[in-house]
Amino acid sequence: MAEIWARDIGEDYVPCQFCIRCSFTKGMVNEFNFVDWCREENGGNYEITDIYGEKRDLREVDVILTEGMAKLWDSWPSQAEYERCCEENGIIWGVTKYAPKEDKEVLMTNYQFLQTLNLNDEMIRDLCQDTVDYIQGVSYDNIYYSLLFMMGENGNSESVERYLKSSDNYWLKTLILNHNLLNDKYSKEKIRDLIIKKIEQACLGKLVTRGNFQCIVPDSYAFMQAAFGQKVTGLLEAGEIYSQFWNERETQRVDTMRSPLTHFSEHYVMNVVKNEKVDKWFKYAYSGIVVNAHDAHTMRWSGSDYDI
């Protein structure tokens, strides 16, 4: 289904999470091989009872929704009737957003991220160092660094072609194509103005940090255990997450938070898990933070925008 949706929206990759919409239906879905799970972890039992009390073979199912995602589900006597009403009224499934092809490497902080931390002078200097290095690295002698600086914090050599195709910043696109324009007075003024702007933004709390925004993904292994009435253990313990992004960077602990935040308790440092079993069952989640089913991370993140 993820491959079908990827083709429908015209992408050249298969996103692993989709924010979906339909009639009285909304939520985020995550790619997970629940058919293989039934065969290997549920004794080959694929049959489940849906919310209407009907037996369903998951080998014939493309997407599993929860009761919280299917708003007003009890207003129809069955899923078939719901589908009939949608078709009768020309209502189809839609996707509002989805996981990017690649997660960003750099996150710009804001005052909320910073004012909720208890920092001493040394910590503040360490926190600001990447931003200082980032701005001081601009040089008229290094056209490539200057170009990437002008393109933004997450610019890299691979993003130049995408920038040329999509950006309406014609001055910068011209500079990319003709490096000699870097010596032009107008170009130097534009770069100087951006440096000043970055310094002003840094003073307001926009600092360069290693991080990004990713979808919150509940432990799909635990989800399937609950759906089939098994004891819910999941593959993650309290205080643990799974993230391919951070595993690839060999990062073992990360500070997790959800914007906006207003209190220090909303910073939750969690352990990043990597082992054979999580790599197997969460292999499609190339993006997203898979969270455990045991601790109070939802409350730590101000409810996580969960629909109950």
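The values are calculated or read from the model by the stated rules, or taken from the named source; none is laboratory data. Given the structure is predicted, the values throughout are model-derived calculations rather than measurements. Because the Cβ atoms are built from the backbone with ideal geometry, glycine has one as well, and the counts that use them run over all protein chains shown. Accessible surface areas use protein heavy atoms only, side chains included; no ligands, DNA or RNA. Shrake-Rupley method; radii C 1.70, N 1.55, O 1.52, S 1.80 Å.
What to note about this one:
- Each residue of segment 170-187 is assigned a 3J(HN,Hα), and the resulting list reads 5, 5, 5, 4, 5, 5, 4, 7, 9, 5, 5, 5, 5, 7, 6, 4, 4, 5 Hz, derived from the Karplus form 6.51 cos²θ - 1.76 cosθ + 1.60 (θ = phi - 60°), x at Gly and Pro.
- Think of a 1.4 Å ball rolled over the protein heavy atoms: segment 177-308 then has 57 Å² of accessible area per residue.
- Peptides ranked, highest mean first, by Cβ atoms within 10 Å: ranges 184-197, 139-152, 212-225: 212-225, 139-152, 184-197
- For segment 210-261, the list of GluC sites (Glu not before Pro) that fall in a loop by DSSP and count at most 12 other C-beta atoms within 10 angstrom reads Glu250.
- Links that overshoot a 28 Å alpha carbon limit, given the list Lys231/Lys280; Lys173/Lys197; Lys26/Lys197; Lys26/Lys198; Lys101/Lys188: Lys26/Lys197; Lys26/Lys198; Lys101/Lys188
- The stretch between Ala80 and Ala238 holds 53.0 nm of extra length on full extension. This uses 0.36 nm per residue minus the Cα-Cα distance.
- Working from Cα pairs under 8 Å separated by at least six residues, relative contact order for the chain is 20 percent.
- Think of segment 1-115 as a dipole: +1 on every Lys or Arg Cβ, -1 on every Asp or Glu Cβ, centred on the Cα centre; then among Val63, Phe18, Phe113, Phe113 lies furthest on the positive end.
- Ranked packing of 44-54, 295-305, 29-39, most packed first, by mean Cβ within 10 Å: 29-39, 295-305, 44-54
- Label selected from [x] 1.04; [y] 0.98; [z] 0.93, the criterion being Rg/Rh (Cα atoms, Kirkwood Rh) as computed here: [x]
- Calculated FRET efficiency for the pair Glu105/Asp184, C-beta based, R₀ 35 Å, to 0.05: 0.70
- Pairwise FRET efficiency - Ile4 versus Asp193, Cβ, R0 = 45 Å, nearest 0.05: 0.45
- Carbon plus sulfur fraction of accessible area for the chain, probe 1.4 Å, in percent: 50 percent
- Lys231-Ile51 FRET efficiency (beta carbon distance; Förster radius 22 Å; 0.05 resolution): 0.50
- Distance between segment 100-133 and segment 235-308 - C-alpha centres, whole angstrom: 19 Å
- P(r) histogram, all alpha-carbon pairs of segment 151-308 included - 10 Å bins from 0, percent: 9, 27, 25, 19, 14, 5, 1, 0
- Counting only Cβ charges, +1 for Lys and Arg and -1 for Asp and Glu, the dipole size of the chain around its Cα centre is about 880 debye.
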